[in-house]
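These notes are about the structure you will find just below.
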2 protein chains.
Amino acid sequence: MNTSLDVLFASNKPKGEAFLDELRGKKPLFVCTIATTETAKISGISAAGKYPEFTDYTPPADAELLLLGRCKCIKGVPVTPDGIPTPALITMSALQLVDAPVLIASGGLKVKPQIPFLDLGGSPGRDIRKGDAVDNVSEVIEKATLAGQQLAKHSDYMIIGESIPGGTTTALGVLSAMGIYAKGKVSSSMPENPHDLKNAAVLEGLTAAGERFGSLSSNPVRAISCLGDPMMPAFAGLLIGAASQIPVLMGGGTQMTAVLAVVNALKSDVLCNVAIGTTKWVADDNSSDIRGIVSQISDVPILAADLNFGGSKFDGLKAYEKGVVKEGVGAGGAAITAMAATEGAITRDILLRKIENNYALLMGAK
Amino acid sequence: MNTSLDVLFASNKPKGEAFLDELRGKKPLFVCTIATTETAKISGISAAGKYPEFTDYTPPADAELLLLGRCKCIKGVPVTPDGIPTPALITMSALQLVDAPVLIASGGLKVKPQIPFLDLGGSPGRDIRKGDAVDNVSEVIEKATLAGQQLAKHSDYMIIGESIPGGTTTALGVLSAMGIYAKGKVSSSMPENPHDLKNAAVLEGLTAAGERFGSLSSNPVRAISCLGDPMMPAFAGLLIGAASQIPVLMGGGTQMTAVLAVVNALKSDVLCNVAIGTTKWVADDNSSDIRGIVSQISDVPILAADLNFGGSKFDGLKAYEKGVVKEGVGAGGAAITAMAATEGAITRDILLRKIENNYALLMGAK
C-alpha cells in the first residue's frame, strides 16, 4: 500500500491518483518560466511588488532565489505591499529538500536575472488593453518545444512553474479570447480579488484587437499575441516538448488554465501526460474557480498541496492562510514533488519547518 | 572483458582507460559552449568561415545544426574556404545515434542562434592584440558554475564542446600569459598552421595589456580578460560546476588546454573527474602538440576518437584525413561518447555511414 501524501485531489481523482503514483520516488527537473508584462502595472491588478515598477524585478528575483538561495537584483526577497514574502520561498524550500535540479527559462524580461537562464527569444509583454501584448509567439513556442524535448531526455518527469506579475489578468484575456468562461474565476495574489479591473482590461484589449469573446477559439497563437503574456509561449512550448516523452506537472494556479487551453488547441494529445499541481489556497479559494475553468478545456487532474501555515511562528507565513499570495513560482507543484519524491517522508510539517528556516535566514526574523 | 572501442589513448593511458570505462553504457549530456571573438577576423588566422565576417555566424550555425539538424542563420552549413564542412556534422551524427540531449550555452555572441540557449551573461570577445579581450570573466564563470551544478544532477556524465573561430589563437594567448609553453603547439583548422601569425597576435596583446609570458600564472581571470575569448569562462564554469559531481569529458583539441590551465588554477581538485576527448587528427597532428601542452598543466588523460574518413565516398569528408578542420564542436568527444554509450556497438565505420548520410542530406551530395 502506498503511503498517503499531503496532497488533495481537486478534480478527476482517479486520474490524479494515478498521476501522483507515477511521480513517487522519481527524479524531477524543475523549470521556472519567467517573464514580465506591462499589464502588471495597471493600478490595483497585482500584489507582486509594492510599487508597479517593482513587478519588473519580481520574476528575476524569484529566479535568483531558486538558484542561489538569495536575490541579487533586489535586496531581501519579493514581498507584497503588506510585506508577505514571495511563494518562491516555498518552492526553494521544497526543491532544496530533494536536491532537485532547477533551470530558469525566460519568456521575455525587462530586467535580466543575475544567474544563468534559457533564452527562448521572447520580449517583455505589453499592456493587454492595447490588444497587442506579445511578440514572436510562434517562434518562442517552437524554441521552447525544442528545449522541452532536450530537457526531458534525462529526467523522470518535469515540473514547470511561472513567475509573472499580472499573470491572472492575461490568463483571463487568453481564456476569454478562446471562448472559455473565466470571468470571476481567475485567482489573485491579493485577499480582495479585483475581478472588475481584470474584466475591464480584458474587454478593452479584445476591442482594441478587433476580437470578441471566443473569436480566437482555434487561434491560440493570436490569443496570446493580443491578450496574453510572454510566459505563456515559453511554458506551452516546454510542456509540449517534454510531455510527449515524460509526465509534466504544471505548477501553478488559474494561470495554468490559459496555458492548458493553448496546448489543448495546439497539441491536445500530450495532455494525457499532464496534471496541474497547485496549492490548497487556490483549490479552496472562494474568489476563484480553477475547476470551473479546467472542466471547460480538458480532464487533466488537479492536485493540490495540502499546506497549512496556520501554525507557523511567523506572521508573514500565517498570512497565506488568509488568502494572500496563494500560489506562484510553482510553489504547489514543488511541494507535491518533494512529498512524492520522498514517498511521503517529507510532510507538510517538515516542509513548513524548512520554509520557516529559510524565512528566518532571508527576512532576518527570529 | 570489455569490448574494445575505436578510441586511442594519447596520454596517461591507465587513467584514460579507467575514465572511458566509467562512461560505458552511461547517459551523457552534451553541452556546446559557443561564442565569438574579433580575433578570428585577423587575416589568415581561422578557416571557420570563407570571409572574416562569416566567423560571427559559424557558432550559431553549428548550434542550430546540433539542435535542429539544419542551420537557420545561414544557408547550408558552415564550411572552410575550400568547402570542407564543419565538424558539427560529426558531433550531430554521433549524438543522433545515441539520442543524447544537447544544450547550447552562450559565452557571448555577435549573432544569436535561432534556437533556445543558456545565457551566461557574457559579451562577444574583442581582438586580443589590444590586450583587453573579454568582459565579465568572473561573473560568467560564476553563472556557468551554477548552471553546471544544476545540469549535472540528472546526467551520468557531461561532455562539453565548443565552437569559436579563432579559438586556438586565444588559447595560445591565455597559455602564454599563464606561463605555459604553447608556441608552435596549438592546432589549426587549416592544413598550414599559421603559427607566426598567432604568436605575433599574442605578443602584441601581452604588450598592450602590460603583461608578459607567465606574468598571469596565478591570475587566470585576468589572463582570459586580456588575451582569451568568451567561450573560456563559460566552459570553465560549466566544467567546475559539473565535475564536482560527475565525470566531464572536455570535447576539443588544443583549445581545451587553455580551459584546463584556467580550471587548474581556480579549482584543481575537480580535475580528477576530467578527461580531454579529441580526434585522432589532433592527437596525431605534426603541426601541434596537445600532449606537450597538457603535460605542463595536469595529468588528465587525453582520449582520441580513432576516426578515419579515408574510405569515405565524399571528398569533403576525405579532406579531414589531410589535416583540414581536425576537430571542433566537441566532435571527438561526441564520437567517443557514442562508442562508449553503446559499448562499442557504434564503431568508427557505423559513425562514418551516419555522417555520410547527414552530409548527403545537408550538402545535397550523392
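Miscellaneous remarks
- Subset of the stretch B:211-240 (residues that are of a type in the set (Gly, Ala, Ser) and either within 19 Å of B:Thr36 (Cα to Cα) or touching a strand residue (DSSP E or B) at 6+ places or on another chain (Cβ under 9 Å) (or both)): B:Ala223, B:Ser225, B:Gly228, B:Ala234, B:Ala236, B:Gly237
- Among the residues listed as A:Ala234, A:Ala200, the single one being closer than 30 Å to A:Ala340 by Cβ and either buried (at least 24 other Cβ atoms within 10 Å of the Cβ) or without any contact (Cβ under 8 Å) to a residue 60 or more places away in the chain (or both): A:Ala234
- Residue in the stretch B:162-182 that is hydroxyl-bearing (Ser, Thr, Tyr), within 30 Å of A:Ile104 (Cβ to Cβ), within 11 Å of chain A (Cβ to nearest Cβ) and surrounded by 22 or more Cβ atoms within 10 Å (Cβ to Cβ) present: no
- All positions within the stretch A:113-126 that are within 11 Å of another protein chain (Cβ to nearest Cβ), under 19 Å from the mean Cα position of the chain (by Cα) and over 19 Å from A:Leu146 (Cα atoms): A:Pro113
- Residue match in the stretch A:136-157 (condition: touching an Asp or Glu at 6+ places or on another chain (Cβ under 9 Å), of a type in the set (D, E, K, R) and over 30 Å from A:Lys27 (Cα atoms)): no
- Taking the stretch B:237-350 and the strands (runs of 3 or more DSSP E) fully enclosed by it, the elements with 1 or more residues that are farther than 14 Å from B:Ser11 by Cα are at B:248-251.
- Candidates B:Arg291, B:Arg353, filtered to the one that is within 17 Å of the chain's Cα centre (by Cα) and surrounded by fewer than 23 Cβ atoms within 10 Å (Cβ to Cβ): B:Arg291
- Any hit, the stretch B:342-365, residues being closer than 24 Å to B:Gly148 by Cβ and touching a residue at least 60 places away in the same chain (Cβ under 8 Å): no
- Failed criterion for B:Leu146 (all others in (1) within 12 Å of chain A (Cβ to nearest Cβ); (2) crowded, with 24+ Cβ neighbours inside 10 Å hold): (2)
- The test for being in contact with a strand residue (DSSP E or B) (Cβ under 8 Å, 6 or more places away or on another chain) and either in contact (Cβ under 8 Å) with a residue 24 or more places away in the chain or surrounded by 21 or more Cβ atoms within 10 Å (Cβ to Cβ) (or both) holds for A:Ala275.
- The stretch A:131-141, residues that are over 20 Å from the mean Cα position of the chain (by Cα) and either farther than 24 Å from A:Ser176 by Cα or part of a helix (DSSP H, G or I) (or both): A:Ser138, A:Glu139
- With respect to the conditions (1) small (Gly, Ala, Ser); (2) under 17 Å from the mean Cα position of the chain (by Cα); (3) surrounded by fewer than 24 Cβ atoms within 10 Å (Cβ to Cβ), B:Ala105 falls short on a single one, namely (3).
- Qualifying residue in the stretch B:218-228 (condition: over 23 Å from the mean Cα position of the chain (by Cα) and surrounded by fewer than 24 Cβ atoms within 10 Å (Cβ to Cβ)): yes
- Residue count for the stretch A:74-102, restricted to those that are under 18 Å from A:Val259 (Cβ atoms) and either surrounded by fewer than 21 Cβ atoms within 10 Å (Cβ to Cβ) or not hydroxyl-bearing (Ser, Thr, Tyr) (or both): 1
- Verdict on B:Thr254 being in contact (Cβ under 8 Å) with a residue 60 or more places away in the chain and under 28 Å from B:Ala338 (Cβ atoms): yes
- B:Lys112 vs. criteria among the basic types (Lys, Arg) and within 26 Å of B:Glu139 (Cβ to Cβ): yes
- Selection from the stretch B:127-143 of residues that are within 11 Å of chain A (Cβ to nearest Cβ) and of a type in the set (D, E, K, R): B:Glu139, B:Glu142, B:Lys143
- The stretch B:64-102: number of residues that are under 23 Å from B:Tyr157 (Cβ atoms) and within 11 Å of chain A (Cβ to nearest Cβ): 8
- Neighbours by Cβ (under 9 Å, 6+ apart or cross-chain): first from the stretch A:154-168, in contact (Cβ under 8 Å) with a residue 12 or more places away in the chain and aliphatic (A, V, I, L, M); second surrounded by fewer than 24 Cβ atoms within 10 Å (Cβ to Cβ) and in a loop (DSSP other than H, G, I, E, B): A:Met158/A:Ile246; A:Met158/A:Pro247; A:Ile159/A:Ala100
- Identity of the residue in the stretch A:110-130, among the small types (Gly, Ala, Ser) and assigned to a loop (DSSP other than H, G, I, E, B), that ends up farthest from A:Ile45 (Cα to Cα): A:Gly121
- Condition met for A:Asp62 (under 14 Å from the mean Cα position of the chain (by Cα), of a type in the set (Asp, Glu) and at negative phi): yes
Taken together, the values in this text are just the output of simple stated rules run on the coordinates, not laboratory data. These numbers come from a predicted model, not from an experiment. Because the Cβ atoms are built from the backbone with ideal geometry, glycine has one as well, and the counts that use them run over all protein chains shown.
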